[in-house]
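All remarks here apply to the structure that follows.
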């Protein structure tokens, strides 16, 4: 944390009031709030926000005291939560604290940014690879040249009889939708190589 | 654009050639296969999973699919799928014209 006066995690006024309200209900103002990343999965990141007694803090914990209560985080969670925002929501379907964390935005929710190659790489990471990973495969960007995307397929995709289908029916459509500037996609995988290809290299 | 249902086995060596041919003919394709396609969830209409060796179930899946996505033709890339393609086409044609 570069600036100790700046909260590592921002509590909205509503969230802050809720914490203070819960503390009052507990009859004590010495409670602290532990914010923890329970699961950093980009598919569905989960967070735990709990009231703790002061003696439940550890010496390694990152502590911020600027809201009228202490915000306590394990060092690993503190790193993942830097810049996150805690809000309180009340809707018909859910009520509770909601964490908006730019570091762990769920897959598909991060806007693509940067150069053409960067955006293609982000689209592969966010949309393509989670899908092909279910089949034991992965896709890597080799290069973008003259708006043509050159890809390499690995794992279960390398040598798979359906690789061309995955490319033309899946990957190409996703990349063209996410990065409309691209003009073509080429698979430069050596499908005869790899650990267990369906096709062996021609002799 | 016309849409062709291409029936392929997961281990087919013909997939690349059939897909390339479809692109040259500028037809949309749906790949029907005995295994669930990678990225099928993200490409609606692009893939259809069929029962292995169960012609009736496969035909029913194709007829259901055809009610959402109009099919111009069903092409079996493998002999194993030829009865499915024929039976499904008969059902779809009967449904539309009789």
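The values are calculated or read from the model by the stated rules, or taken from the named source; none is laboratory data. Quantities reported herein were computed from a predicted structural model and do not represent experimental measurements. Note: ideal-geometry Cβ built from the backbone for every residue, glycine included; neighbour counts use all protein chains shown.
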Q: State yes or no: is residue A:159 buried (at least 20 other Cβ atoms within 10 Å of the Cβ), modelled with pLDDT under 95, on the phi > 0 side of the Ramachandran plot and not assigned by TED's automatic domain parsing to the domain that holds residue A:41?
A: yes
Q: Please indicate, with yes or no, whether at least one residue in the range A:67-76 is farther than 30 Å from residue B:12 by Cβ, at pLDDT below 90, over 24 Å from the mean Cα position of the chain (by Cα) and loosely packed, with under 14 Cβ neighbours inside 10 Å.
A: yes
Q | Filter result for residue A:123 (over 23 Å from residue B:31 (Cβ atoms) and part of a helix (DSSP H, G or I)) | A | no
Q) In the list A:113, A:143, which residue meets the criterion of being farther than 22 Å from residue B:31 by Cα, out of contact with any strand residue (DSSP E or B) (no Cβ under 9 Å at 6 or more places or on another chain) and away from chain B (no Cβ under 14 Å)? A) A:113
**Q.** Spans of strands (runs of 3 or more DSSP E) in the range A:11-70 with at least 3 residues under 17 Å from residue A:87 (Cβ atoms) and not assigned by TED's automatic domain parsing to the domain that holds residue A:126
**A.** A:32-39, A:46-52
Q: Exactly one condition in (1) at pLDDT 85 or above; (2) over 25 Å from residue A:17 (Cβ atoms) is not met by residue A:111; state its number.
A: (1)
Q. Any residue in the range A:181-198 that is at pLDDT below 85, over 27 Å from residue B:30 (Cβ atoms) and surrounded by 14 or more Cβ atoms within 10 Å (Cβ to Cβ)?
A. yes
Q) Pick from the range A:146-168 the residues that are in a helix (DSSP H, G or I) and touching a residue at least 24 places away in the same chain (Cβ under 8 Å): which of them is nearest to the other protein chains (Cβ to nearest Cβ)? A) A:166
Q: Any residue in the range A:169-185 that's away from chain B (no Cβ under 11 Å) and more than 13 Å from residue A:124 (Cα to Cα): show its pairings with residues that are crowded, with 19+ Cβ neighbours inside 10 Å and at pLDDT 90 or above at Cβ separation under 8 Å, as long as the two are six or more apart or on different chains.
A: A:182/A:120; A:182/A:144; A:182/A:149; A:182/A:175; A:184/A:149
